[in-house]
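Only the coordinates and a few stated rules stand behind these numbers; no lab work does. All values derive from a computational prediction rather than experimental measurement. Cβ sites come from the backbone with ideal geometry, for glycine too, and all protein chains shown count toward neighbours.
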């Protein structure tokens, strides 16, 4: 019983640490984005709440908590209230299988630096990505608003379409690693990161994940000049904030997944493993912010064309080439 309680306590500590780091990182990623976009546009950005604006995330959170949480008269109340939590929860659950290092020795016992090393970790990530569609679709449908419904339909079509090339791009990674476990995938990159062996899969994964995250130039579900705020037009207060928590947590999760699948995960010289993983993961949000400041929004037909006629055939061809090379090289 004491061993079971110790395991439960360790699990709760892991979950608490991961949630604290992820949610704090998401809050300051918002500040980083506002600062960087301001510099791109020759502005100063937030600089009033504390030195250099470092307390701006706290001010934003307090503002959202104090705003009135309204529900439209014709909305489906249970679904309307639950949808934002679905978007945020699915993004945070991805970190349950992300390995932050090899292991630590505590009281003579090795403690893996991962909340849950499941043998089908990659499938778990893809399943959560699929469930995340419901937060967008149900939020728009339950709002009883034409603008929200159109944004939800766009979001559902976009996310479902790009799930296919996203999953197919990871098939060669599984073939090379011989496992669906994210820990095993990192271990398989001990000699060489998979970005060297699979540059095409890396590019397909990054573009597909960018579309899955609904960021520019793929932000069709939130096109403000067409749909006001899109699927979350009718939301206010902290439920409005939960959609943005989900978006920025998803950006951090995307960075961690890119690091795990293609950049060798926590591996690197001199620095601690966790620091290496965070440095690699930080590159992706910075690139996403740069892309947002640089590229215009695509048309919806261009969005669908790039998924079904470009990325999906390329991903399938990459699987065939990888399989052929593995068979030829033994």
Discussion item. Only Cα pairs within less than 10 Å get springs; with that Gaussian network setup on the chain, which residue of 47, 318, 144 has the largest fluctuation?
Written reply: 47
Worksheet, complete the sentence: the chain: relative contact order from alpha carbon pairs under 8 Å, six or more residues apart, as a whole percent, is 22
Discussion item. So if I restrict to the alpha-carbon atoms in the stretch 220-330, what is the Rg, and what is Dmax, the biggest pairwise distance, in Å?
Written reply: 18.9, 58
Discussion item. Counting other beta carbons within 10 Å of each residue's own, what order do 256, 192 fall into, fewest first?
Written reply: 192, 256
Worksheet item: In the P(r) worked out for the chain, what percent of Cα pairs fall beyond 29 Å?
Response: 42
Worksheet, complete the sentence: Taking the square root of 5λ for each eigenvalue of the C-alpha gyration tensor of the stretch 21-66, the equivalent ellipsoid has semi-axes, largest first and in whole angstrom, of 19, 13, 9
Worksheet item: So how far apart, in nm, are the two label points at residue 190 and residue 20 if each is 7 Å from Cα heading toward Cβ?
Response: 3.3
Item to complete: With springs connecting C-alpha atoms under 10 Å apart, model the chain as a Gaussian network and identify which of 67, 14, 197 has the largest mean-square fluctuation.
Response: 67
Worksheet entry | Residue of 175, 66, 86 that the Gaussian network model of the chain assigns the largest fluctuation, springs spanning Cα pairs under 10 Å | 66
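At R0 = 51 Å, how high is the FRET efficiency between residue 126 and residue 40 if r is their beta carbon distance? Nearest 0.05 is fine. Could you put the intermediate results ahead of the total?
Values: r = 33 Å, r/R0 = 0.65.
About 0.95, to the nearest 0.05.
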Discussion item. Can you give me the C-alpha center-to-center distance between the stretch 87-162 and the stretch 287-330, rounded to a whole angstrom?
Written reply: 21
Item to complete: Please report 162, 231, 134 as a ranked list, fewest other C-beta atoms within 10 angstrom at the top and most at the bottom.
Response: 134, 162, 231
Item to complete: Could you work out the relative contact order of the stretch 21-66, using alpha carbon pairs under 8 angstrom and six or more residues apart, expressed as a whole percent?
Response: 27
Item to complete: Please report the relative contact order for the stretch 146-239, taking Cα pairs under 8 Å with a sequence separation of at least 6, and give it as a percent rounded to a whole number.
Response: 47
Response to the item:
Under the 7 Å Cα-to-Cβ spin-label approximation, residue 62 and residue 116 lie apart by a distance in nanometres of 3.7
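For 187, 143, 306, what ranking results if the residue with the fewest other Cβ atoms within 10 Å of its Cβ goes first?
187, 306, 143
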